[in-house]
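Scroll down for the structure; my scribbles are underneath it.
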Amino acid sequence: PKPSYLQHVVLPAKLMSLECICLQSRSSRCVFEPVRVARHQPGEHDVTIDVKFCGVCHSDVHVAKNDFLETKFPVVPGHEIAGVVAAVGARVTKFRVGDHVGVGFFVDSCLECAPCKRGDEHFCSATFTPTFNGKPAHGRAGAGVTKGGYSTAMVVDERFAIALPKALPLERAGPLLCAGVTMYAPLVKWRVGPGSRVGINGLGGLGTIGVKLAKALGAHVTVITRSARKERQARAAGADAIVLSSDAASIKAAARSLDLVVDTVSVRHDLKVSALAPGGLIDLLAVDGVWCYCGLILDMLDVQPVRLLQHQLSLTATQIGGIALTQRCVDFCAKHAILPEVEVVEATPAQLSAVYEKLDGGNDAGVRYVLDIGNTLNASVFEQPRARAPKLVSGWRVGAQIALILNRAALARIEEFVLEHTAAIAGGVGAALFAAVAAFVIPPLASRIRG
């Protein structure tokens with residue numbers, strides 16, 4: 001039965017707060033527990049959403065683990081939200097009760113700056129408000145830290161909600177609001193269409209939807225993967241060709257064959273953009289080719305411009321998209337029957353622990369995990385045993401990577417200074433000995449640390 005607090009009526013501007021059930025974590029151990037919380041009071045421009053499904057994104061895991069050292073505990077993640085409009089404010093024009101609706105990565109922005117006015121709310125000059133773990137700044141997302149879609153209900157301003165065509169199954173719609181638009185954005189930006197030659201590096205949840213989108217736009221699609229075992233999965237998604245990034249011969253055979261590569265791999269991988277290291281993945285790009293990063297990589301890249309200017313190549317990056325682009329992506333997917341591969345799981349603490357372990361381990365399965373909020377997040381979860389802590393890579397990993405980046409930069413400065421001022425530092429008779437140390441010890445040490 002539908003919760004009694006979700007009334008299918010037009011809401012007046014003033015209404016008591018909504019109580020809902022959420023799954024929250026109190027620490028970076030990511031042990032989730034059910035709690036009852038009050039959503040902020042709906043306003044005249046707000047829609048109240050009966051949440052049915054919520055995808056679990058890898059960025060949920062990063063925030064819940066406090067990998068970026070910015071998490072405000074307790075945290076309720078979730079930004080791949082799909083549900084049904086349960087009530088609307090008096091001045092809402094975009095939605096009606098019963099409509100299918102989605103909420104993506106953010107729920108507010110200033111709406112006044114240049115990026116907001118051109119539809120890039122995620123680049124808001126005055127800062128956007130994330131759907132979860134965000135501090136509201138513009139008056140349309142409540143007063144406390146935002147709580148995401150691991151929740152039975154949400155309240156959002158209609159301007160930050162996405163209309164979901166009913167042709168899209170709700171359980172498969174949520175990931176389009178994050179993974180879908182993340183891949184759609186670079187394809188649109190670089191005007192992919194018939195005749196385009198597109199590479200997708202990595203075939204996880206992001207890469208799989210990227211292949212489908214590029215193919216639907218008319219491109220010739222090449223999947224770049226480390227494992228030959230992924231060929232069947234790549235072909236099923238629509239790939240025309242496969243390049244094995246672990247095989248130099250495979251890379252050489254496909255050299256200069258791609259106009260755009262969308263890179264979804266979120267760990268360090270060497271493109272060999274160095275004059276001293278020819279023959280790497282960067283050689284897949286044709287003249288004027290673009291390598292676009294979508295995966296979250298905090299490590300520094302070893303890039304020498306000479307390797308780019310030889311064929312006028314570009315390295316760049318994109319992220320999600322504004323509300324208009326997200327709506328465009330969803331409509332495109334509905335029109336072309338493009339659906340992410342998903343695995344629907346119960347919205348319970350135990351199941352969430354299992355999903356977090358899979359995502360933190362790399363998610364090689366190529367699926368997006370989706371919580372069945374509507375059918376399983378209810379009063380019964382309070383009676384279940386406390387969930388075990390998932391086995392995750394330490395939350396200090398990203399912090400250590402940042403420290404390593406800083407150490408590399410410091411080492412480079414030290415190395416440069418020492419090699420340029422050897423005589424002045426050593427002085428006199430010791431100059432030759434110090435020069436030998438500088439020449440034969442410091443560079444190998446630098447190389448080892450960079451490694």
Query raised in the report: Separation between the V97 and I297 pseudo-spin-labels, each 7 Å from Cα along Cα→Cβ, expressed in nm?
Result: 5.2
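For a protection proxy built on the mean count of beta-carbon atoms within 10 angstrom, sort 224-231, 255-262 highest first, please. The partial results should precede the final answer.
Values: 224-231: 17.8, 255-262: 21.0.
Order by mean packing, descending: 255-262, 224-231.
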Query raised in the report: Seen from all sides and averaged, what is the projected area of the convex hull of the Cα atoms in the range 179-317, in nm²?
Result: 7.4
Query raised in the report: Ordered by packing density, taken as the mean number of other Cβ atoms within 10 Å over each peptide's residues, highest first, how do 302-313, 74-85 rank?
Result: 74-85, 302-313
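On a full-extension model of 0.36 nm per residue, what is the gain between E44 and S227, subtracting their alpha-carbon distance, rounded to one decimal in nm?
On the way: separation 183, 0.36 × 183 = 65.88 nm, distance 5.26 nm.
Going from the current span to full extension adds 60.6 nm.
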Report task. Could I have the simple spin-label model distance between A337 and V306, label points 7 Å from Cα toward Cβ, reported in nm to one decimal? Result -> 5.3
Query - F382 versus A354: modelled label distance in nm, points set 7 Å from Cα along the beta carbon direction - result: 2.5
Query - Centre separation in Å (Cα based) which lies between the range 316-378 and the range 155-203 - result: 11
Report task. Using only the C-alpha atoms of the range 247-329, find the volume of their convex hull and express it per residue in Å³. Result -> 114
Requested in this report: Arrange the following residues from fewest to most other Cβ atoms within 10 Å of their Cβ: I209, I251.
Outcome: I251, I209
Query raised in the report: Once Rh for the range 107-257 is found with the Kirkwood sum over Cα pairs, what is the Stokes-Einstein diffusion coefficient at 10 °C and 1.306 mPa s, in µm²/s?
Result: 89
Query raised in the report: Going highest first, how would you order 87-96, 381-390, 345-354, 152-161 by mean Cβ packing within 10 Å?
Result: 152-161, 345-354, 87-96, 381-390
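FYI, it's all coordinate maths here, none of it is from the lab. Note that the coordinates shown come from a computational prediction; the quantities given were computed from them, not determined experimentally. FYI the Cβ positions are ideal-geometry reconstructions off the backbone, even for glycines, and counts take in every protein chain you see.
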